[in-house]
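Here the structure comes first, spelled out in structure tokens, and everything after it is commentary.
Bear in mind these aren't lab numbers, they're just calculated from the coordinates by the rules spelled out. Here the structure is a predicted model, which is why all the values come from computation and not from measurement. Don't worry about glycine lacking a Cβ; one is built from the backbone with ideal geometry, like all the others, and counts go over all protein chains shown.
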Amino acid sequence: MVGVLLLLGGLIFLAFTKAEWHRPTATLVDQRDTLGANGTIDVRVHDVGTGLKRSRIELESEGIRTVLLSEEYPADTWRRSTTFETTLSVPLGGGEHKIAEGPATIRVYAEDYSWLRWFRSRQPLLEHTLRIDLTPPNLEVLSREHYVNQGGADLVLYRTAEDATRSGVTIGDYFFPGTPGLFTDATIRVAFFAVPHDVGRNATARVVAEDEAGNLRALSLHATVKQKHFPTKTLRLSTGFLERKVPEILAANGLPAEPDLVKGYLYINRTMRRANELRIREVTRQSVPRPLWTASFLRQPNAAPSSGFGDHRSYVHDGEEIDTQTHLGFDLASVRRAEVTAVNTGKIVLAAPLGIYGNAVIIDHGLGIFSLYGHLSAIKVEVDQDVTRGEIVGHTGETGLAGGDHLHFSIMLYGIHINPVEWWDARWVDTHVTSRLASYPRADALVNDADRELEALDADREATPPGNDAGEDAPRS
Ligand SMILES: [Zn+2]
């Protein structure tokens, strides 16, 4: 009797441990609809109870099933596996598997150590359909002869597939996005790119295009970079200046007072400066996808530059260098409270205090080109306002990190400071920008013409007495 009970108890124990009913589960880490040559299929496989015995990922395309990956997991004891959870990762490319482009189905199978596995269905644990796309977008550079000054910019025209989701120019760690839709030929895109002052000598500019599946094509851009020597300038910080500016800037930015003036100054010149640049990147991330500028860029009238673009600044206090920074703009001084005018037509994207820049204005001129005006005593514009070339945006002052009344001016490409001297040079703008943009028929010109024709047609209709058919032959004014 005792023996029977023991046997029965043993069987129940076995049934619970070795005949557990939990089937393994599988989930896709990334639910993608398209998969490219650089893509990976990542699946998390999990089992409670006895644990995993084997797993397999299959891909079916054009009726052919390919096993992409299969794994076996050894038993730990008679009761269970060594593995309860694992992530399977299969790179699609690499030439190991011949996979056709087009629709495909991923299926994931797994078994555990339960005795019930012999009775379970052969259905996959997971099935996901997607599209395999292994071909990177077409790419062709249309513009030639790119001569770029270090710290300056240039414009490139290229042709790529309309389904390219991301394209533009890379150099070093920088990426400058291209803009579609400017030309009647929808495959042509335009991108400004810069050779930022801190990009290494050997960095190569590349035009890149990537599709939704992550397939990337890159062509090196034939650009001749003219190295520039950036001079070093010493800025002497008097105790009077620190006493006046440090508390003022900290208070203006809602920060607590710092009794140690040098410490407060270094916080402003380093941490606040970095934060301000991040904020600039943020407000310049989106740009109007067409040029808003007209003619050349204006230079602040009667203003003498006191500091140039890319100057290495050495900050000296009490005979000791306490900091170094790069000056990424132009300081222009004329008279106190001088009128500050928009260098060109555009849209205001920032009109507010901005840390070291004091009261600042940023204008979007389109295609990633922005201008910045700092240290203003007064701001005369608002965000989202359209301004025209020469319109007053504010008055010079010495708000922020400024030792005297002047304008800090900067031209930026998506928030990266570039040398404004090029933009003040009408001949440079003509050869590098205007003439290149004129080499293909423009889509906005077409839209404007169509608009004008429609307006003319409407005007004709209003002018025509009822009953008279205003057809195609109606005269236009
Ligand atoms: Zn400055």
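If you count, for each residue, the other Cβ atoms within 10 Å and average over each peptide, how do 39-48, 427-436 line up from highest to lowest?
Highest to lowest by the protection proxy: 39-48, 427-436.
Ratio of Rg to Rh for the range 1-84: 1.20 [Cα atoms; Kirkwood radius as inverse mean 1/r over pairs].
Can you tell me the order of 162-174, 274-286, 60-72, 414-426 when each peptide is scored by its average per-residue count of other Cβ atoms within 10 angstrom, highest first?
Values: 162-174: 17.4, 274-286: 15.5, 60-72: 13.0, 414-426: 20.7.
Per-residue mean Cβ counts within 10 Å order the peptides as 414-426, 162-174, 274-286, 60-72.
Think of it as helices only: each DSSP H run of n ≥ 4 in the chain is worth -39500 (n - 2.57), and spread over all residues that comes to -5000 deg cm²/dmol at 222 nm. One decimal place: the segment residue 8-residue 27 gains 3.0 nm when fully extended, by the rule 0.36 nm per residue minus the C-alpha distance.
Using only alpha-carbon positions, what ratio does the radius of gyration of the chain give when scaled by 2.2 N^0.38 Å?
Working: Rg = 32.6 Å, N = 477, 2.2 N^0.38 = 22.9 Å.
Here the answer is 1.42, to two decimals.
For the range 312-422, pairs of C-alpha atoms spaced more than 17 angstrom apart make up 53 percent of the total. The value given for the range 22-132 is a Kirkwood hydrodynamic radius of 14.6 Å, derived from the mean inverse Cα-Cα separation. Temperature 4 °C, viscosity 1.567 mPa s: under these conditions the Stokes-Einstein estimate for the range 152-279, based on its Kirkwood radius over C-alpha pairs, is 71 µm² per second. Its Cα gyration tensor gives the range 232-436 an equivalent ellipsoid. The semi-axes, each the square root of 5 times an eigenvalue, are 30, 17, 16 Å from largest down. Evaluating kT/(6 pi eta Rh) at 4 °C and 1.567 mPa s, with the Kirkwood radius of the range 139-226 over Cα pairs in the Stokes-Einstein relation, gives 99 µm² s⁻¹.
When Rg and the Kirkwood Rh are both derived from Cα coordinates, the Rg/Rh ratio for the range 211-354 amounts to 1.03.
Across the range 284-323, the convex hull enclosing all Cα atoms gives 147 Å³ per residue.
In this structure, the amide hydrogen of residue 211, modeled 1.01 Å from its nitrogen in the peptide plane, lies closer than 5 angstrom to those of 165, counting only residues at least 5 positions away or on a different chain.
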